Amino acid sequence: MSRTVQKHVKKAGKKTAAGKKGREEKPKAAPAALVKPVAAVSGRRKGKDDEKRRSETAATKTAAAEAAAAEAAPAAEEPQNAAEVMAKKQREISVSEFFLKNRHLLGFDNARKALLTTVKEAVDNSLDACEEAGILPEVIVELIQVAENRFRVVITDNGPGIVKAQIPKVFAKLLYGSKFHRLRMSRGQQGIGISAAGMYGQLTTGVSTKITSKIGPKKKAHYYELQIDTRKNEPHIVKDNEVNWDQHHGTRVEIELEATYQRGRQSVDEYIQACAIANPHVTFRYRLWLLPKEEKPAPVAEGQVAAPETRNPKPETPNPEPDWIVFERGTKLLPFQPKEIKPHPHGIELGMLMQLLKNSRARNVRSFLHTEFSRVSDRAAVEICQRAGLEPTSRPSNVAFRESENLYKAIAETKLMNPPLDCISPIGEEQILAGLKKEVQASYYDAVTRAPSVYRGNPFQIELGIAYTTPGQPKGTERKASSAERGGEGQTAEEPIRLLRFANRVPLLYQQGACSISKAVVGVDWKNYGLSQPRGQLPMGPLTLFVHMASVWVPFTSESKEAIASYDEIIRELTLGLQELGRRLSVFLSRRRRDLEAQRKRDYIQLYLPHLALGLKQILSLNDKEEHKIITKLKTMLERTHLQT
């Protein structure tokens, strides 16, 4: 009991004692004549005593309650510590909750871009799975409009399928995948994309992501309907069934989301066409279902009565059924399957080195350097240890912080071989030309592949291609009927060139100004190569420029993977490749100008040949037969001169 309570109880006790003392003294003061009989007096006294005991008990309880209230009142009024108040508000943030509030980081800035990002993430996963399994990819893309601002995206592939236990985690858990921890070229990197697309659909429509996957012709397909528990970043299975599917193997993903469709640049049409250029071994089938547009009522003139409205119910499915747009593969040769490599020591930071030392199972530092990194021989490992002042036989886990720092500096000072190049799979000049010729009609094609290089210990390779259209020549693709549907418009000499940016065979359609590819293109002086170029902008002309970066780890500027960071090594390789391609283009343009000039002169001379023959006829008094013979000889001489040039 606290001191305050004891104090109040003590007061109540004193009052009770005083009352008892008064009662004890009162009978003594009474006169003898007023004394009642013994039985009556004792009965009344007993009743009064009981009543007083009850009142004393109630008074004691009241005093205790008042004391407790008095003790609690100051505690409530006492101000709480600010740090304690703030500490009560702290809690763990799920990665799903973070990206739910910051979905623009993943490419879901607006409804139009959300549609493209969803298609992109699903197609990337399909192509990676098919190539890793050694299957020539066939990808089907369907966009079905179900309401004014709502689309259903359906992506089907003929890949190896996904085992039942992995389906919920692959499609309904962020930062889950097989590509983040391995150094090997692939389209996906972080294990976020397709799960983020499903989360965006769940957020905007409330509809679950639907997956059908089959791993073999003798197996049944697994059908899932999934949602993401954003607080725990865990999949929530709504439905799990086995179904019959007439496809031998593959995966079908269906996501319904709030989105809008718009033709032209940065659209799904352009993305699929660009994919067909960079992946000539893939067959794409694309179809767009749009709801019929509502007809607006005709304007009513003054004095006229408007016609009664007829309310037609909106059709549940788009009508009529659209045709498939097919991008046939240009080659049956699958890309080289890259191999996984270990990190290069020149590409790690001090903190990563300390973590590797702590977790290593190697018996000594020399063995650690040789087994944990690529391109470190036993001799190089001993040299690094000597530079760092470490015993090669010391255990990695016993290396202290200062020794780790010395080891890190020694690695940077030691000359090592570049990392192996079998971890990347470039497209190749021949395949780049095949893709450009398949999708872009032009008069001149060329391609350049730079030698592999390294940034921060990560190998990468730059590839470039061009397709130049002679002014006056029809542009676009050979499939003119579907060219407009895909947004392929012609180019003129007064328009900027069409720049196609790729990273690991994936088209980059947004954030062009923030990308190192665009900065390198703008930094080249294209006037030296026969193209006009406003200051600080892309060159002008009927040219399609293809630029591709292949790497085990592409340094994207954000999780949405839309622009490549501007490392000096990357900018240098891009610039050198663009300059080489520019020199080749300059040779073609110079030759074309000479041919045009010669053709102009020939046409001019041929125009005046009859007049020259007529003058000779009058001077030499020739007949008509001799005049015709002179014209024939002059034309022959002109053609012979043309062939010699």
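What are the ³J(HN,Hα) values, in whole Hz, obtained from phi via the Karplus relation 6.51 cos²θ - 1.76 cosθ + 1.60 with θ = phi - 60°, for each residue of segment 277-286 in sequence order, with x given for Gly and Pro?
Values per residue, Gly and Pro as x: 6, 7, 10, x, 8, 10, 9, 10, 10, 10 Hz.
Mind listing the long-range amide H neighbours of residue 446? Cut-off is under 5 Å, sequence gap 5 or more, other chains count too, H placed in the peptide plane at 1.01 Å from N.
466
What does the charge count around residue 332 come to, taking other residues whose C-beta lies under 14 Å from its C-beta (Lys +1, Arg +1, Asp -1, Glu -1)?
-2
Roughly speaking, to the nearest percent, how much of segment 429-584's 1.4 Å accessible area is carbon and sulfur?
Roughly 48 percent of what the probe reaches on segment 429-584 is carbon or sulfur.
Residues of segment 345-413: accessible area per residue at 1.4 Å, in Å²?
Solvent-accessible surface per residue comes out at 60 Å².
Dipole of segment 345-413, Cα-centred, from +1 at each Lys and Arg C-beta and -1 at each Asp and Glu C-beta, to the nearest 20 debye?
200
By how many nm would the segment from residue 287 to residue 333 lengthen if fully extended, with 0.36 nm per residue of separation less the alpha-carbon distance?
Result: 14.0 nm gained on full extension.
Taking 30 Å as R0, compute the FRET efficiency from the Cβ-Cβ separation of residue 598 and residue 537 and round it to 0.05.
Between residue 598 and residue 537 the formula returns 0.35.
As an exercise, use a Förster radius of 45 Å and the Cβ-Cβ distance of residue 635 and residue 590 to find the FRET efficiency, rounded to the nearest 0.05.
0.95
Compute the FRET efficiency between residue 417 and residue 102 as 1/(1 + (r/R0)^6), taking r as their Cβ-Cβ distance and R0 = 45 Å, and round to the nearest 0.05.
0.65
In terms of modelled amide H atoms, which long-range or inter-chain residues lie less than 5 Å from the amide H of residue 399?
Excluding prolines and chain starts, which carry no amide H, there are no hits.
Taking a label point 7 Å from the Cα of residue 242 along the Cα→Cβ vector, which residues of segment 149-170 have an amide N closer than 15 Å to it?
The answer is 163-165.
Are there any trypsin sites (Lys or Arg not before Pro) in segment 514-572 that are in a DSSP loop and have at most 15 other Cβ atoms within 10 Å? List them by number.
Sites meeting the loop and neighbour criteria: 535.
For residue 340 paired with residue 232, estimate the spin-label separation in nm (one decimal), with each label point 7 Å from Cα along the Cα-to-Cβ line.
Placing both labels 7 Å along Cα→Cβ, they lie 2.9 nm apart.
At a 1.4 Å probe, what is the % contribution of carbon and sulfur to the accessible area of segment 345-413?
44
Just to check I understand the Karplus step: with θ = phi - 60° and J = 6.51 cos²θ - 1.76 cosθ + 1.60, what whole-Hz values come out for segment 101-110, glycine and proline as x?
My calculation for segment 101-110 gives 7, 10, 5, 5, 5, 9, x, 10, 5, 9 Hz in order.
Whose amide H sits under 5 Å from the amide H of residue 291, counting only residues 5 or more places off or on another chain, with H placed in the peptide plane?
Result for residue 291 returns 145.
Using each residue's phi in segment 127-142, evaluate 6.51 cos²θ - 1.76 cosθ + 1.60 at θ = phi - 60° and report the 3J(HN,Hα) Karplus result to the nearest Hz, with x for Gly and Pro.
5, 4, 5, 5, 5, 5, 8, x, 10, 5, x, 10, 10, 10, 10, 10
So, for segment 429-584, what is the accessible surface per residue at a probe of 1.4 Å, expressed in square angstrom?
37
Treat each spin label as a single point 7 Å out from the Cα along the C-beta direction, and report the residue 492 to residue 109 distance in nm.
For the pair residue 492/residue 109, the computed spacing is 2.9 nm.
The values are calculated or read from the model by the stated rules, or taken from the named source; none is laboratory data. Just so it is clear, the structure is predicted and the values come from calculations on it, not from any experiment. Using ideal geometry, Cβ is built from the backbone for each residue, glycine included, and neighbour counts are taken over all protein chains shown. The accessibility values were calculated without ligands, DNA or RNA, using every heavy atom of the protein model including side chains. Shrake-Rupley method; radii C 1.70, N 1.55, O 1.52, S 1.80 Å.
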